[in-house]
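Below is one structure, written out as structure tokens; comments come after it.
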Amino acid sequence: MIRVENLSKIYRPDTLPVVALNGVTVSIAAGEYAAIMGPSGSGKSTFMNILGCLDKPTSGSYWLDGEEISRVSAEDLALIRNAKIGFVFQNFNLLPRMTALRNVELPMLYAGISKIQRHEQAREALEKVGMQDRLDHRPAELSGGQNQRVAIARSLVNRPKILLADEPTGNLDSRTSEEIMFIFSQLHQEGTTIVLVTHEYDIARHSQRIIHFYDGAIAREEQPFSSAAKKPEGGHNQ
């Protein structure tokens with residue numbers, strides 16, 4: 001699903017260069033669940049931005065679902081991003097004046113999907129993350145965990161092949177974090193390819209494979225002792 005070869009990213013190459021990525025080569029199979037870890041400045045966020053087609057490498061190659069991204073026009077890149085990739089961010093990035101349902105419908109506006117179908121798919125996505133009883137609530141009326149559930153539903157509504165999550169539990173308490181990770185585990189079991197950036201090993205261990213970045217390169221990889229996430233105790237609508 002994802003393959004990068006000798007990927008490099010250099011900022012300000014004409015002045016004082018900052019090497020964010022330095023010769024990264026890695027593959028992530030369809031249906032795999034991988035976590036990216038590393039200290040601040042290690043290149044993990046730059047790597048995720050390139051995987052999400054939000055940034056381009058200075059050199060090297062990136063294949064997404066069999067297509068070499070460097071050869072794709074900006075217009076086609078936007079279509080690929082909207083159709084194949086779902087994003088989950090630490091800060092949720094929900095529009096405050098819109099209800100949960102309307103926030104989840106947003107990606108489908110760009111896909112030209114009819115209003116009736118948008119409504120139906122958004123409801124289905126919110127039900128998948130346990131938010132079917134909060135359709136008309138705005139972000140300020142929801143807890144952090146509930147807002148992240150809405151954000152996950154939004155990322156899934158176009159039925160992407162890949163889910164990219166950048167510190168999805170960074171603003172959540174430990175119990176709510178486990179509830180969110182249980183949702184990710186369910187999505188993985190349903191066949192979604194997941195790549196997750198985190199600085200917390202307790203979050204990374206839910207994955208099948210942890211890729212450690214250091215100074216813009218892959219330092220090592222490991223398989224967590226146990227990647228099977230158990231359903232958290234108590235209510236799930238925090």
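The values are calculated or read from the model by the stated rules, or taken from the named source; none is laboratory data. Just so it is clear, the structure is predicted and the values come from calculations on it, not from any experiment. Here the Cβ is made from the backbone with ideal geometry for all residues, glycine too, and neighbour counts use every protein chain on show.
Listed by first and then second residue, the pairs linking a residue in the stretch 9-21 that is at negative phi and without any contact (Cβ under 8 Å) to a residue 12 or more places away in the chain to a residue that is assigned to a strand (DSSP E or B) and β-branched (Val, Ile, Thr), with Cβ atoms under 6 Å apart and 6 or more places separating them unless they lie on different chains, are 11/18; 17/10. In the set (1) within 30 Å of residue 126 (Cβ to Cβ); (2) over 14 Å from the mean Cα position of the chain (by Cα); (3) small (Gly, Ala, Ser); (4) crowded, with 16+ Cβ neighbours inside 10 Å, the condition left unmet by residue 52 is number (2).
Working only within the stretch 161-171, note down all residues that are buried (at least 23 other Cβ atoms within 10 Å of the Cβ) and part of a strand (DSSP E or B). Talk me through it step by step, then tell me what you get.
First, pick out the residues of the stretch 161-171 that are buried (at least 23 other Cβ atoms within 10 Å of the Cβ): 164-165, 168-169.
Correct list: 164, 165.
If you check 192, 198 for being of a type outside the set (D, E, K, R), touching a residue at least 12 places away in the same chain (Cβ under 8 Å) and either surrounded by 24 or more Cβ atoms within 10 Å (Cβ to Cβ) or in contact with a Pro (Cβ under 6 Å, 6 or more places away or on another chain) (or both), only one passes: 198. For the stretch 4-38, filtering for residues that are within 17 Å of residue 220 (Cα to Cα) and under 19 Å from the mean Cα position of the chain (by Cα) leaves 10. Starting from residues that are crowded, with 17+ Cβ neighbours inside 10 Å and in a loop (DSSP other than H, G, I, E, B), keep the ones in the stretch 144-160 and report whichever is nearest to the chain's Cα centre (by Cα). Looking at residues that are crowded, with 17+ Cβ neighbours inside 10 Å and in a loop (DSSP other than H, G, I, E, B), I get 160.
Being within 30 Å of residue 69 (Cα to Cα), more than 19 Å from the chain's Cα centre (by Cα) and of a type in the set (A, V, I, L, M, F, W, C) is a description that applies to residue 113. Considering only residues that are closer than 16 Å to residue 31 by Cα, assigned to a loop (DSSP other than H, G, I, E, B) and over 15 Å from the mean Cα position of the chain (by Cα), which ones fall in the stretch 172-206? Across the stretch 172-206, the qualifying residue is only 190.
Kindly check whether there is at least one residue in the stretch 7-20 that is over 21 Å from residue 215 (Cβ atoms), modelled with pLDDT under 90 and not hydrophobic (A, V, I, L, M, F, W, C).
Yes; the residues of the stretch 7-20 include at least one that is over 21 Å from residue 215 (Cβ atoms), modelled with pLDDT under 90 and not hydrophobic (A, V, I, L, M, F, W, C).
Can you tell me which residue is farthest from residue 22 (Cα to Cα) among those in the stretch 57-76 that are without any contact (Cβ under 8 Å) to a residue 40 or more places away in the chain and either surrounded by 15 or more Cβ atoms within 10 Å (Cβ to Cβ) or touching a Phe, Trp or Tyr at 6+ places or on another chain (Cβ under 6 Å) (or both)?
In this case the residue turns out to be 72.
State whether the residues of the stretch 83-92 include one that is more than 17 Å from residue 196 (Cα to Cα) and not hydrophobic (A, V, I, L, M, F, W, C).
Checked the stretch 83-92: no residue is more than 17 Å from residue 196 (Cα to Cα) and not hydrophobic (A, V, I, L, M, F, W, C).
Do the conditions hold for residue 31, that is, is it surrounded by fewer than 18 Cβ atoms within 10 Å (Cβ to Cβ) and under 15 Å from residue 162 (Cα atoms)? Considered against the rule, which asks whether it is surrounded by fewer than 18 Cβ atoms within 10 Å (Cβ to Cβ) and under 15 Å from residue 162 (Cα atoms), residue 31 comes out as yes.
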